[in-house]
Amino acid sequence: MESPSSQPPSQKPASRPRPKPKPAKPPSRIAAGNVTQKSVSSTLSTSVTPVAATDKGKGKRKADARSDTDVSITDESNPPAKRARNKGSVSSSHRPQKHDTFWILDGNAILEIGGVLFKLHRSRLVDQSLFFADLFEANLSDNDVIVEEDVSGTIYHLHNTTPRDFTALLMLDKNPFEYCFGAPPFYTIAAILRASTALRFPKYREFAIQYLERQWPSALSSLTAERQPHAVDVIILGRQQDVPRVLKRAFYELLRSSGFGLNDGEGDEEGEGASDLEMDRQDERRMIIAREHLHLAWTQATRRFDLSFKVPKCPSPEAKSAAWERCVIDSGLADEFMWDPLCGLQALMDIRWGKEEGWCKECVKMRKDAWAKTRASLWARMDMWMSLPRDV
């Protein structure tokens with residue numbers, strides 16, 4: 001018997017030869033704009049990478065460019081939703097909100113302004129506004145209007161006004177007698193004027209203009225030393241909305257203000273509707289020139305006593321000069337009206353010049369007539385300095 005150590009080593013059974021793999025079917029080829037495979041399993045559907053938000057409105061152009069080479073494969077049981085048709089491009093990044101007051105349940109005209117929806121009575125808009133009359137009759141050719149057809153009806157997207165201005169206009173239309181018993185705030189009137197001009201509400205535009213002209217009259221006789229706020233906004237409003245009669249008074253308000261009214265706190269009411277617009281640079285340069293003329297006229301009127309007025313039987317020039325120094329220079333009147341010569345000249349006329357001051361009646365009359373003439377001349381020249389219409 002042979003020992004185990006003398007046995008030959010065991011051999012592994014021979015492995016079977018591997019069968020040759022069958023050639024795989026070539027994958028379905030998708031030609032440019034031509035799909036050869038009729039049906040594709042949903043498990044093989046590839047997700048389409050959406051257009052990034054950073055494309056900033058160029059997604060449609062990119063999608064059109066890819067349509068010649070790429071085809072999105074989707075599950076046939078889940079077709080993509082159809083988009084609603086519209087007659088313009090309307091951003092859908094923010095959902096518009098209904099107005100708290102002017103979303104009228106039985107209204108039949110839906111407007112969208114600055115992300116706010118208004119539902120109003122169409123007949124009332126047409127009756128008061130030439131703009132809406134043309135819009136609803138489809139005769140309006142205005143790039144500020146986009147008409148969108150939605151499942152809920154027609155929505156008119158307006159870009160020529162703001163929700164604040166339009167709300168102020170609607171409040172006036174809702175209760176026109178409210179302002180008969182109390183003066184509305186300035187920014188409310190400004191909003192009504194802007195909206196009524198843009199949307200062509202002629203009656204309400206006239207209402208706003210008349211109110212502003214009463215507050216900012218162009219007559220010299222209505223000028224007082226009392227200061228009025230909002231002069232910058234009135235100038236911007238008058239220039240942009242074609243209300244020239246308020247400009248002269250508003251310009252003079254800035255001319256007599258320190259720093260042209262830049263530090264008078266007019267911006268404190270910014271949250272209440274103050275305009276973020278700035279004055280025209282041409283108007284700013286005109287004010288600099290006008291102030292130089294006004295300041296020169298006041299300096300010439302107050303720096304020294306004018307000895308050219310000579311009246312027979314009048315006290316000595318020395319007595320007149322002493323009274324002048326006392327009433328004009330020492331009293332501080334010359335410094336007080338340094339930037340307000342028109343009211344300064346009126347203050348000179350209001351001084352009780354008499355014999356106790358060394359002035360006779362003839363002297364007083366001649367000086368007052370000269371001051372009144374200078375005052376009227378300066379006010380008239382404001383039209384030329386500030387480039388105002390002649391008939392203002």
Quick one: which residue in E137, E112 is among the charged types (D, E, K, R) and touching a residue at least 40 places away in the same chain (Cβ under 8 Å)? E112
Only one of S141, S123, S152 is modelled with pLDDT of 95 or more, surrounded by fewer than 18 Cβ atoms within 10 Å (Cβ to Cβ) and over 19 Å from R194 (Cα atoms). Can you tell me which? S123
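Name the residues in the range 169-211 that are in contact with a helix residue (DSSP H, G or I) (Cβ under 9 Å, 6 or more places away or on another chain) and of a type in the set (F, W, Y), would you?
Within the range 169-211, the first condition is being in contact with a helix residue (DSSP H, G or I) (Cβ under 9 Å, 6 or more places away or on another chain), and the residues that meet it are 169-173, 176, 178-179, 183-209, 211.
Those that are in contact with a helix residue (DSSP H, G or I) (Cβ under 9 Å, 6 or more places away or on another chain) and of a type in the set (F, W, Y): Y179, F186, Y187, F201, Y204, F207, Y211.
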Would it be correct to say that W385 is over 25 Å from R291 (Cβ atoms), touching a residue at least 24 places away in the same chain (Cβ under 8 Å) and buried (at least 17 other Cβ atoms within 10 Å of the Cβ)? no
Consider the range 176-209. How many of its residues are at pLDDT below 90 and either charged (D, E, K, R) or surrounded by fewer than 13 Cβ atoms within 10 Å (Cβ to Cβ) (or both)? 7
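Take the residues in the range 74-118 that are surrounded by 14 or more Cβ atoms within 10 Å (Cβ to Cβ) and at pLDDT below 90; name whichever of them is farthest from the chain's Cα centre (by Cα). Walk me through it before giving the result.
Going through the range 74-118, the residues surrounded by 14 or more Cβ atoms within 10 Å (Cβ to Cβ) turn out to be 74, 86, 90, 96, 99, 102-104, 107, 109-114, 116-118.
Subset that is at pLDDT below 90: 74, 86, 90, 96.
On the way: T74: 48, N86: 28, V90: 22, P96: 21 Å.
The extreme case among them is T74.
Quick one: would you say R214 is over 27 Å from P176 (Cβ atoms), among the basic types (K, R), over 21 Å from the mean Cα position of the chain (by Cα) and surrounded by fewer than 21 Cβ atoms within 10 Å (Cβ to Cβ)? So that I can check it myself, show each step before the final result.
Details: over 27 Å from P176 (Cβ atoms): no; among the basic types (K, R): yes; over 21 Å from the mean Cα position of the chain (by Cα): yes; surrounded by fewer than 21 Cβ atoms within 10 Å (Cβ to Cβ): yes.
In short, no.
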Which is under 22 Å from R164 (Cβ atoms), at pLDDT below 95, hydrophobic (A, V, I, L, M, F, W, C) and surrounded by 12 or more Cβ atoms within 10 Å (Cβ to Cβ), of V243, V232? V232
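The values are calculated or read from the model by the stated rules, or taken from the named source; none is laboratory data. Source: prediction; values computed, not measured. Please note: Cβ atoms are built from the backbone with ideal geometry, for glycine as well, and neighbour counts cover all protein chains shown.
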